[in-house]
Every structure is written in C-alpha cells, then in structure tokens.
Amino acid sequence: MAGKMVEFPSNGHTAKGYLATPAAGKGPGVIVIQEWWGLVGHIKSVCDRFAAAGFSALAPDLYHGQTASEPDAAGKLFMALNIERAERDLAGAAKYLAGHSSTPKLGAVGFCMGGQLALFAGCTNTSVAAVVDFYGIHPNVKPDYGKLAGPVLGLYAEKDGFVTPQVAKDVDAAIKKAGKTSEINIYPGVDHGFFNDDRADVYNKPAADDAWRRTLTLFRQQLK
C-alpha cells in the first residue's frame, strides 16, 4: 500500500482513515467511501489508484476498526451504522483532506453503502463539488439533493438486485427534479460490486475500467 493510516478530528472525537497522496505531494482531494465490508484492502487500493492518477484520496473508517468478510456480518455493520456519527466523520474527513488538497473543491466517491454516503456527503459538505455514486444503497441515508453543490455521476449494474436499473433511474430523476446535474450509466450484464477486483464472483474488468475512466474525467473537470 502506498498510503498510510491517519487520524483526524471529528466533532470533538477522533476518527481514522487511509490517506494516499500523489508523488507531487498534493492533488485535488477525493473522499473515498467504503462498501458495507468496511475499510478493507480494496478501498485502500482505490485510494492508491487515485494517488497514482494525481489526486489526494482519503477513505474515512466509518466502522471505526470493524470489518466483515461475509455478507451476514457486513449486513449487521451496515444496518448498525450511526448516520449522525457518519455525517460528523465525513465532515471531519473533508476538513482534514482539504489540508492535503491542491484545490478548494473536493470530490466524493463511494461504493454500495458508500455510494449513498457519497451523495449524502455532497449534500452536507459545501466543499464537495462532484459526486460519483457506484450502485449506492442505504435505507437510512436520505440525501437532500437540493443541497448538492455539483454534478453527480451514477454508475450502476443491470443485474443488480439491490439497486435495480429502475432505482438508478429514479435517483437520477430525483436529482434532476431538485434542479441539479446528474448523469447515469447502467452497465449491461454486470452485477452489484462489479468494480471490486477483490471479488471474482462479481468483478467485471471492462465495466470497471470504463467506470474508472468516467470517474477520473469528472473529477478532473470539476475539481479545479
């Protein structure tokens, strides 16, 4: 791993996260938000990939040290997530990341649970100027799309049983109804988690590569 674990203030408490920075020292800041598995190796590797592409990336540990390797345990952590604490941790992460960012504008990207939290971060932190939502879902996280400060890119899977194509289209429509900018792409023939190259059962390289290209393009356009 090219990055390191760091600690940052979170509304009177402290939180931890994984920070990866580019060779230049600073790049546009991107908050990377975990799947329901927690802050696992895959999410850290995504931060490293952002750093290699010239960004500063921070993945806050929203489970505070806990991770899961099988769905039942992940589901319990997912449903036990304290939304108010997650909001504080995301705000703390944004403030900390600003010190490592070459621009005042930040991006937020998340996967599964993190995708919904990336939308939430975009609605609760004015510094977040672009959001990428990979198949985001969490029943207790309800973003107020009218507060988005920048565009949203939604990346979804046709065979997703959690975030179906219709759900994806509904999110897109709701963002646009709030007067904000949204673009979605639904990848045919792939399943929820297609970006996770640690999961051979769902990973799809062509879709993941295209999604990564779209993500970098959005952030390079918006984080100036």
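The values are calculated or read from the model by the stated rules, or taken from the named source; none is laboratory data. Bear in mind that the values here come from a model prediction, so they are computed numbers and not experimental data. Here Cβ is always computed from backbone atoms with ideal geometry, including for glycine, and neighbour counts include all displayed protein chains. Side chains are part of the model used for accessible areas, which takes the heavy atoms of the whole protein and leaves out ligands, DNA and RNA. Shrake-Rupley method; radii C 1.70, N 1.55, O 1.52, S 1.80 Å.
Using a 1.4 angstrom probe on the protein heavy atoms only, line up 70, 7 by accessible area, largest first. Can you show the working numbers first?
On the way: 70 80, 7 105 Å².
The residues order as 7, 70, largest area first.
Please list, in chain and number order, the residues 5+ apart from residue 185 or on another chain whose amide H is under 5 Å from its amide H, with Hs placed from the backbone.
Residues meeting the amide H criterion: 154, 155, 156.
In whole percent, how big is the carbon plus sulfur part of the accessible area of segment 111-224, probe 1.4 Å, protein atoms only? Spell out each step's value before the answer.
Numbers: 2450 of 4890 Å².
Carbon with sulfur: 50 percent of the solvent-accessible area.
Compute the distance in nm between two label points, each set 7 Å from the Cα along the Cα-to-Cβ direction, one at residue 174 and one at residue 200.
Using points 7 Å along Cα→Cβ, the separation is 3.7 nm.
Given R₀ = 35 Å, FRET efficiency for residue 183-residue 72 by Cβ-Cβ distance, to 0.05?
Values: r = 35 Å, r/R0 = 0.99.
Computed FRET efficiency for residue 183 and residue 72: 0.50.
Expressed in nm to one decimal, what extension gain is obtained for the pair residue 144 and residue 224 from 0.36 nm per residue of sequence separation less their Cα-Cα distance?
Numbers: separation 80, 0.36 × 80 = 28.80 nm, distance 2.45 nm.
Difference between extended and current length: 26.3 nm.
For segment 214-224, just list the computed ³J(HN,Hα) in residue order, Karplus coefficients 6.51, -1.76 and 1.60, θ = phi - 60°, integers in Hz, with x standing in for Gly and Pro.
After applying 6.51 cos²θ - 1.76 cosθ + 1.60, I find 5, 5, 4, 4, 4, 5, 5, 6, 9, 9, 10 Hz.
Say a paramagnetic label sat at a point 7 Å from the Cα of residue 210, along Cα to Cβ; which residues of segment 185-199 have their backbone N under 16 Å from it?
It comes to 185-196, nothing else.
What list of ³J(HN,Hα) couplings, whole Hz, do you get for segment 112-122 from phi and the Karplus terms 6.51, -1.76, 1.60, once you set θ to phi - 60° and write x for glycine and proline?
6, 3, x, x, 5, 6, 5, 4, 4, 4, x
When only the heavy atoms of the protein chains count and the probe is 1.4 Å, how do 85, 214 rank by accessible area, highest first? Write out the running numbers ahead of the final one.
Numbers: 85 95, 214 65 Å².
Solvent-accessible surface, decreasing: 85, 214.
With charges only on Cβ, +1 for K and R and -1 for D and E, what is the dipole size of segment 88-223 about its Cα centre, in debye, rounded to 20?
On the way: 15 positive and 14 negative charges, 122 e Å.
So the magnitude is around 580 debye.
Based solely on its DSSP helices, what 222 nm [θ] is calculated for the chain when runs of n ≥ 4 H residues each add -39,500 (n - 2.57) and the sum is averaged over all residues, nearest 500 deg cm²/dmol?
Values: 6 runs with 81 residues, N = 224.
One gets -11500 deg cm²/dmol as the mean residue ellipticity at 222 nm.
Taking the Cβ of residue 104 as the centre, find all other residues whose Cβ is under 14 Å away and add up their charges (Lys, Arg: +1; Asp, Glu: -1).
Working: positive: 26, 95, 105, 224; negative: none.
Net charge in that neighbourhood comes out at +4.
Taking all protein chains as present, what is the carbon and sulfur share of the accessible area of segment 1-93, in % to the nearest whole number, probe 1.4 Å? Mind dumping the intermediate values first?
Working: 1980 of 3980 Å².
Roughly 50 percent, rounded to a whole number.
Going by Cα centres, segment 69-98 and segment 32-58 are how many Å apart?
14
How would 131, 171 line up by accessible area, probe 1.4 Å, largest first?
Details: 131 0, 171 30 Å².
Largest accessible area first, the residues go 171, 131.
Just the accessible area for residue 49, please: 1.4 Å probe, Å², rounded to the nearest 10?
80
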